[in-house]
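To start, the structure itself, in structure tokens.
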Amino acid sequence: MKIMTQTAVTLAGILWAGAALAAPPPAIYTAAQATAGATVFSTNCAMCHGADMKGGAGPALLGQAFASASSNYSVGAIFSEVAEQMPAGNPGSLTHDQYAQVMAYILKQNGYPAGSTALDYNASLASTVPLVSQVP
């Protein structure tokens, strides 16, 4: 009986840990930001990353090829790269709001839900929120 109890407790712990890992991603941008971000992306990013975000001259920004769990990316790491190095031909040329909008669009396309709080430029640079695409 003691072995069965220990096994049940161990199994419950494994299931709980798995559920914690499979928790839905946080809502860290607004739907309006993602909508605006689609336009900014289309104008400034799609020529390299593809209109479908699957890559071209630049890398994919969608799915596991972009952000798998093993990549260990955070929103802050990706946002910093976007805000400081993009667009490739004219880095830093977008407004802070436009960079936040593009990041919101990237998050949306990768399965992150919209929420009621806007993605903030400065907070995003330091964000430790894991970035793992929810798209296969």
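The values are calculated or read from the model by the stated rules, or taken from the named source; none is laboratory data. All figures in this text were calculated on a predicted structure; none of them were measured in a lab. Here Cβ is always computed from backbone atoms with ideal geometry, including for glycine, and neighbour counts include all displayed protein chains.
If you check every pair at least six apart or on different chains, which have Cβ atoms under 6 Å apart with a residue in the stretch 32-44 that is within 16 Å of ALA114 (Cβ to Cβ) and in contact (Cβ under 8 Å) with a residue 60 or more places away in the chain first and a residue that is of a type in the set (D, E, K, R) and part of a helix (DSSP H, G or I) second?
Cβ pairs passing all conditions: ALA34/LYS108.
Between a first residue in the stretch 94-110 that is without any contact (Cβ under 8 Å) to a residue 40 or more places away in the chain and a second residue that is outside any loop (DSSP other than H, G, I, E, B) and not charged (D, E, K, R), which pairs have beta carbons less than 7 Å apart while being 6 or more apart in sequence or on different chains?
From the stretch 94-110, the pairs are HIS96/TYR121; TYR99/VAL82; TYR99/ALA83; TYR99/TYR121.
Residue check: is ALA23 modelled with pLDDT of 95 or more and under 19 Å from the mean Cα position of the chain (by Cα)?
Criteria not met by ALA23.
For the condition assigned to a helix (DSSP H, G or I), modelled with pLDDT of 95 or more, in contact with a His (Cβ under 9 Å, 6 or more places away or on another chain) and farther than 16 Å from LYS108 by Cα, what is the one hit in ALA83, ALA77, ALA57?
ALA83
Which one of the conditions (1) at pLDDT 95 or above; (2) in a loop (DSSP other than H, G, I, E, B) does ALA104 fail to meet, given that it meets all the rest?
(2)
Tell me which residues, restricted to the stretch 115-136, are in a loop (DSSP other than H, G, I, E, B), touching a helix residue (DSSP H, G or I) at 6+ places or on another chain (Cβ under 9 Å), surrounded by fewer than 18 Cβ atoms within 10 Å (Cβ to Cβ) and of a type in the set (Gly, Ala, Ser).
Correct list: ALA118, ALA126.
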